[in-house]
Each structure stands twice: as C-alpha cells, then as structure tokens.
Amino acid sequence: MTAEARILVVEDEEPLRMALVDALRAEGFEVLEAADGEAGLALALAEGPDVVLLDLMLPKRDGFSVLRALRKDRVDALVLILSARGEEWDRVQGFEYGADDYVVKPFSIRELLLRVRAALRRGDRGVPGLQLDPGRVRVGAALVDFAAYTAERTDGGEQVGLSRKELDLLRYFLSREGEVLDRATLLNEVWGRDDFPSTRTVDMHVLKLRRKLEPDPEQPRHLLTVHGVGYRFDRRGSEG
Ligand code: CA
C-alpha cells in the first residue's frame, strides 16, 4: 500500500526538490511538489497527501507556519521536516506543532526513503501521525509508552511513570479527541463499576495527567477544562 502513497515535497532548492521527486517517483509514489510555503500549504489542503516533506526555510511562508496551518486544519498527513544543519530551528517546537520526524540536510536520498517508509508503516497502524509505534503515542511534547507505563517529555522533562487508570483515562481521551466529555461519562467509561469512585476521582486523575504530560500544568493545552461540564482533549495542543 505504501507504493500508492501520495507524497508532497515542499522545497525551494530546485536541484534537491527534483532529486527527491525523481527518487520518490522511481519508488512508485505519487508525487506532488511545491517550491514555496504558500503553494505547499495550498496543495496539501487541496490534495490531502499521505506524507509531506517540508523544508523549513521557504519563500512566502516558512515550514513551521505551514505545519501549524496544516494541523490547525486537522490535516493529519505525516510530516517530515527537512532542516539544514545549523539552521535555526527547534526540534521540540517541531514536534509540538505536530511534525512526525525530521531529517537533517545534507541527507542521502536512500536515508530519506527509509524514513518515509518508516513513517508510513507507523501511520498504517492507526490515525496517521498519531502513533509512533505500537503502544507509543505522542501527546504534544510528551511521548507516552502504554506498554511501559511511562511518559517522557521531549522538552527536557524526565521520564515519569503512569498508573493503569491514568493510561485508561488517556486512552479514552485519545479515542474521543476534540469532544467535550462530562465527568459522569468519563467515570462510566473509564472506571465502570470496578470501584466506587466519585467525579472527584476524575478530576484527580486529570490533574495527575496534566502534571505528567503538560509543559505547564497550570496552563493546560491538551487536557482542557470545559467549565461546568468536564473536559476536552486536544492531542496536538490548543494554540496558546
Ligand atoms: Ca529552503
């Protein structure tokens, strides 16, 4: 199925763009190309590619701005950032905006093809861009490993342990991303009848998850309070 994947190359350096386009076509991918950020964004929105290879320093609109706009529009293409060595960029920022991987220039075409295939394999397992590999999910700047019961922050935070219930709650939030969920629903779906929790239990677990996953637990971007109702989950993080 990867042979039919559609890939958008957004790169202003023409020799590199042409080399990428040729190599990807030779591998059987359907390839779209753009030489500046605005054209790249327009093509991505119009064509819904499976993968976007996104240069950062681009005319008209830089790569981060393209990435933000894509994620804001809920385009969930896998995005691989192409960054020049020494270029002013922040890997963490890239991941917070929803980049799936990055490749530092100069890279070999072979390496890039491997990365594209790896990204497609991961994407095939779930919502594109959601899963890194089985059991690992990125929530903003945190990488949650469901199998290991841990979360690791890519913004320099330490690895922390997560309880089974915290993971159950997070899994439920992931399955209902973007919806407003009231406490009774959360209690019912996540706790069921296995003990006698109160809605306070939900709040406590949300607080714990915030402390472990949110860059600033006081200003949550992922586990959002909906006043008077409950919570809403945003994996990529609401724009602050
Ligand atoms: Ca460039």
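The values are calculated or read from the model by the stated rules, or taken from the named source; none is laboratory data. All of these numbers come straight from a predicted model, not from anything done at the bench. So basically every Cβ, Gly included, is an ideal-geometry build from the backbone, and we count neighbours across all protein chains shown.
Okay, here's what the table says:
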| quantity | calculated |
| --- | --- |
| Filter pass, residue 111 being exposed (fewer than 14 other Cβ atoms within 10 Å of the Cβ), modelled with pLDDT of 80 or more and assigned to a helix (DSSP H, G or I) | yes |
| Single condition residue 93 does not satisfy, out of (1) within 16 Å of the ligand (Cβ to nearest atom); (2) of a type outside the set (A, V, I, L, M, F, W, C); (3) at pLDDT below 90 | (1) |
| Residues located in the range 14-37, provided they are within 14 Å of the ligand (Cβ to nearest atom) and buried (at least 16 other Cβ atoms within 10 Å of the Cβ) | 16, 17, 20, 33, 34, 35, 36, 37 |
| Residue pairs meeting the criteria (Cβ under 8 Å; at least 6 apart or on separate chains; first free of Cβ contacts under 8 Å to residues at least 60 places away in the same chain, in the range 152-164; second polar (S, T, N, Q) and in a loop (DSSP other than H, G, I, E, B)) | 152/159 |
| Residue satisfying condition, being under 24 Å from the mean Cα position of the chain (by Cα), surrounded by fewer than 15 Cβ atoms within 10 Å (Cβ to Cβ) and either basic (Lys, Arg) or outside the structural domain of residue 101 (by TED's automatic domain parsing) (or both), within set 164, 221, 236 | 164 |
| The range 42-67: number of residues that are charged (D, E, K, R) and either within 11 Å of the ligand (Cβ to nearest atom) or surrounded by 19 or more Cβ atoms within 10 Å (Cβ to Cβ) (or both) | 3 |
| Candidate set from the range 1-13 (those that are away from the ligand (no atom under 16 Å from the Cβ) and not hydrophobic (A, V, I, L, M, F, W, C)); member that is modelled with the highest pLDDT | 6 |
